[in-house]
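Quick notes on the structure that follows.
The values are calculated or read from the model by the stated rules, or taken from the named source; none is laboratory data. Computed from a predicted model, the values in this text were never measured in an experiment. Neighbour counts run over all protein chains shown; Cβ positions are idealised from the backbone, glycine included. Side chains are part of the model used for accessible areas, which takes the heavy atoms of the whole protein and leaves out ligands, DNA and RNA. Shrake-Rupley method; radii C 1.70, N 1.55, O 1.52, S 1.80 Å.
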Amino acid sequence: METAADQRTRTYMEQLTGAPPGTLMPDPDAIDSQIQVIRYTETAFETCLVEDVASLDSFFEEEGTVWIRVEGLGGIDRIKALGEFFQLDRLALEDVLHTRQRPKIEEYDAQLFFVARMRSAGEDFDTQQLSMFLGKNYVLTFQEGPAPCLDIVLDRLKTKRGRIRSQGPDYLAYCILDAAIDFFYAEMDRYGEQMDVIEEQVLGNPSDEILAAIYTLKNNALAIRRSVSPLREAVNTLIRDGHPYLSEGTQTHFRDCLDHIAHILELLNTYREMLGGLLDIYLSSVNNRMSEVMRVLTVIATLFIPLTFLAGLYGMNFNHDASPWNMPELQWYWGYPLFLLIMLSIAIVQLLFFIRKGWIGRPRLRLLIRRIPQPLHRKKRRRG
């Protein structure tokens, strides 16, 4: 059943279909925009929230790198004001608001535009779009909601870890993109641990929950692949062609991003094969369990076939007074206990036969039954 959120998304996508290029239309479920400005040098650091975009002029009056971090894409007026302030291309702003873009890197007259996917906050795996503009002395980022990877970069700026404070905006852009990519590494490690647990459970006790966990991992791995794979070509092109806003040292660091992307894709290929193997093991385990169930049911049915025959035969109740051939056992004093004893003996003999053949029972029980001496006539037949 379609929910209210699904209906809003469908209506939103229908409105975008056929819209003129450069149409700025935020998602109806997008949160309101909040602008955080970070300005830093090697010796100074300041950050604050701003309401009016026009107040950004004061941050560019002094030297240093400025990071404008926009969280939430619901404030269309603020986003338009930022576009006018930084002279952003209308098509690039459209890509910022339409968060289903393919990861890419594009060059404009005054900016270098990055689109990537990064992990959202929360225990459940989900991704959101990261849009980033690299200018001469600033970095402008747009995020749909809280982003742990960007918080880590901000913490590095605050605590002055590494050399990020002594580098320019191009190094900041590299750190942001690298943090977004590296967060998928942690997800890969978590997948490895989960697959170890699933492998133990799928061999011991396969269930519907295990199957759901396998498909969840497959879907998440596919989402990571779609998030990371397109960046390999874009970063490779950026390294090969260069850009005026990228220093030679920063280009070397982007090669490190390329290596991380290649490593993640290799892990994804490995995990995809492992997940396919786990799915095959699950199906085999389910089939084996079904075979065991059918075997037990077949044994039970086989046990009751002669017993049912005897019970049906003696259930006909022919009168013995009419003919001496009509079931004289019905007149015996111990007839009923003897009949039950015969039925029990038949069931026991059948069970011993099934265990001896290895159709039922544990291995140790089968070995014990096989030590029972065979009938004498079978031994003579073998000697003969």
Exercise. In the range 106-126, which residues are farther than 14 Å from Thr237 by Cα and either in contact with a Cys (Cβ under 7 Å, 6 or more places away or on another chain) or among the hydrophobic types (A, V, I, L, M, F, W, C) (or both)?
Worked result: Ala110, Val115, Ala116, Met118, Arg119, Ala121, Phe125
Exercise. Would you say Ala121 is open to solvent by 20 Å² or more (accessible area, probe 1.4 Å) and of a type in the set (A, V, I, L, M, F, W, C)?
Worked result: yes
Exercise. Do the conditions hold for Ile214, that is, is it under 20 Å from Val115 (Cβ atoms), assigned to a helix (DSSP H, G or I) and open to solvent by less than 30 Å² (accessible area, probe 1.4 Å)?
Worked result: no
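Yes or no, residue by residue, for (1) at pLDDT 90 or above; (2) within 30 Å of the chain's Cα centre (by Cα); (3) within 30 Å of Glu63 (Cβ to Cβ); (4) not in a helix (DSSP H, G or I):
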site: Leu93; (1), (2), (3), (4): yes, no, yes, no
site: Phe133; (1), (2), (3), (4): yes, no, yes, yes
site: Asp151; (1), (2), (3), (4): yes, yes, yes, no
site: Asp155; (1), (2), (3), (4): yes, yes, yes, no
site: Asp178; (1), (2), (3), (4): yes, yes, yes, no
site: Glu187; (1), (2), (3), (4): no, yes, no, no
Problem set entry | Unmet requirement for Arg165, which otherwise passes all of (1) crowded, with 21+ Cβ neighbours inside 10 Å; (2) not in a helix (DSSP H, G or I) | (2)
Problem set entry | Residue check for Val202: among the β-branched types (Val, Ile, Thr), surrounded by 19 or more Cβ atoms within 10 Å (Cβ to Cβ) and at pLDDT 85 or above | no
For this session: Considering only the range 38-81, state which residues are in a helix (DSSP H, G or I), open to solvent by less than 40 Å² (accessible area, probe 1.4 Å) and either in contact (Cβ under 8 Å) with a residue 60 or more places away in the chain or under 23 Å from Met118 (Cα atoms) (or both).
Result: Ile76, Ile79
Exercise. Which residue pairs have Cβ atoms under 9 Å apart, sit 6 or more places apart or on different chains, and have a first residue in the range 240-263 that is more than 20 Å from Asp109 (Cβ to Cβ) and a second that is at pLDDT below 85 and open to solvent by 40 Å² or more (accessible area, probe 1.4 Å)?
Worked result: His260/Tyr185; His263/Tyr185
For this session: Could you please give the count of residues in the range 87-100 that are within 13 Å of Thr141 (Cα to Cα) and surrounded by fewer than 19 Cβ atoms within 10 Å (Cβ to Cβ)?
Result: 1
